[in-house]
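Have a look at the structure below, then the notes.
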Amino acid sequence: DEEAFSCIERELGLSIDSIYSPISPSPIAAASLGQVYKAQLRYSGQSVAVKVQRPAIEEAIGLDFYLIRGLGFLINKYVDFVTTDVVALVDEFARRVYQELNYVQEGQNARRFKKLYADKQDVLVPDIFWNYTSAKVLTMDWVEGCKLNEQEAIEKQGLNLLDLVNTGIQCSLRQLLEYGYFHADPHPGNLLATPEGKLAFLDFGMMSETPEEARFAIIGHVVHMVNRDYEAMALDYYALDFLSPEVDVSPIVPALKNFFDDALNSTVSELNFKTIVDGLGAVLYQYPFNVPAYYALILRSLTVLEGLALYADPNFKVLAASYPYFAKRLLTDPNPYLRDALVELLFKDGRFRWNRLENLLVQGSKDRDFTSKDALQPVLKLLLDPDSEELRVLVAKEAICVTEAIVIGGFIDAFKSIPDFMRPLMFNGSSFGSLKMSVDEQEKMLELRDRVFRISSLLRSSESFDPSLLQPILQVLQEPEAQNLGGRVVGGITQRLAARLLQQFLRA
């Protein structure tokens, strides 16, 4: 304690009593590279946490990394089954740890994190007091709360641990996949439940960033996995920087299929993060994969969060809790990579997979930031892109099928609503009134119509739905490409219904 107080005075150039009044005589918490005291600022009386770096810690860490790095060289040279560059991983970890040694950098990290993520009412990030912060001393807001693994204490405050874990998962998804700037050390000591029900993040020494291309590839990868699109999953490994471009991914597809067909034999809600990591690990070791350093930190971050979730509920599944976010991003993000992933997901062998769209909308609408406007506009812009002629042909074909299903479905419903005894009177004894279609064909028509109606209802039921959001869409539809597409659809519908009418007449 005496050494710590001397460090504070030396670093800040002021006496302890002139800054803090009082300060706890002994630390109230341990930090990985320092220790934390509770104090009050003399000038304002505000409660603060004062983190002081341990003496000679930099020299001790330097020696540790020197030894570990030497071991990494030996592994790279002599252990053939480890294909990842171990030295690169050690260097990445060392880089993060050395950043932790600079408390000014940590304060800047906290400020950036607060700016990006504390806009949500359920996330709290403490403020930094820059006048009382240096490379080895950090003064920040004191946060009252319980550690996230203290379930009993949290519930005594009338809070639900799983709600807080969900907040942590949603915030982590934003960190990893929106801005790419993420907290790489979210252990229970760094996550507090405040009495107001907020999730407070502490200790911003170890931060990392997800490359932009990888962010979109991760979103696409999860959606491809859920929908068992293993060819697309294998191609994602190029964008994730797991594989160099010259590696052929075709042999990897059967390995992915073998694992995930078994893992996904029930539903995605049954799948936990550990299962995915273990399964991918088994596949990765068979092929020339390289795990990028940023990805190792992502795995570390997500496994800690899943551990906290399982502590609260052994049946909790992180992927089920996070999939609405992935679905929302796939539906609303205008990024070209995600737009292509959406098209690949929805179109298969020249047909539109309405069940996939319905599932995405059902899941995406569970995310509180989902809006119908965001889901509609990017798709329309993609559809009217000059390079999307092939897509427009498919859409026109599908629009014709949908319109026919709605018209025929309406006719089927109307016919069924007529009492049996009146049908011969209305149709002069002819069976023309009942459509000459197989039961199977009628059911498919009604199923398509009903699914389209459900999708329309999902879009309209969005809390943010406002008829005025159709105005910019109508403007888009006035463009020449849209008018051309509309002409094709109208012509196709006319031909299709005329052919259907003639068919019914000849059958009758």
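Key figures for this structure:
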quantity	calculated
Per residue value of the accessible surface for the range 92-233 (all protein chains in place, 1.4 Å probe), Å²	39 Å²
Solvent-accessible area, 1.4 Å probe, carbon plus sulfur percent, for the range 212-322	56 percent
Value of Rg/Rh across the range 212-322 [Cα atoms, Kirkwood radius]	0.95
R0 of 51 Å, Cβ-Cβ distance I61-L394: FRET efficiency to nearest 0.05	0.30
For the range 152-158, Karplus couplings with θ = phi - 60° (6.51, -1.76, 1.60), whole Hz, Gly/Pro x	5, 5, 5, 5, 5, 7, x
Semi-axis lengths (Å, descending) of the ellipsoid that matches the C-alpha gyration tensor of the range 132-196	23, 19, 9
Amide H partners (placed H, <5 Å) of A29, local residues excluded	V36
Heavy-atom SASA rank of W130, W142, W354 (probe 1.4 Å, accessible area, largest first)	W130, W142, W354
Solvent accessible area, Å² - E398, 1.4 Å probe, full protein context	10 Å²
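The values are calculated or read from the model by the stated rules, or taken from the named source; none is laboratory data. For clarity, every value in this text was computed on a predicted model and none was experimentally measured. With ideal geometry, Cβ positions are generated from the backbone for all residues, glycine too; neighbour counts draw on all protein chains shown. Protein only, heavy atoms only, side chains kept; ligands, DNA and RNA dropped before computing areas. Shrake-Rupley method; radii C 1.70, N 1.55, O 1.52, S 1.80 Å.
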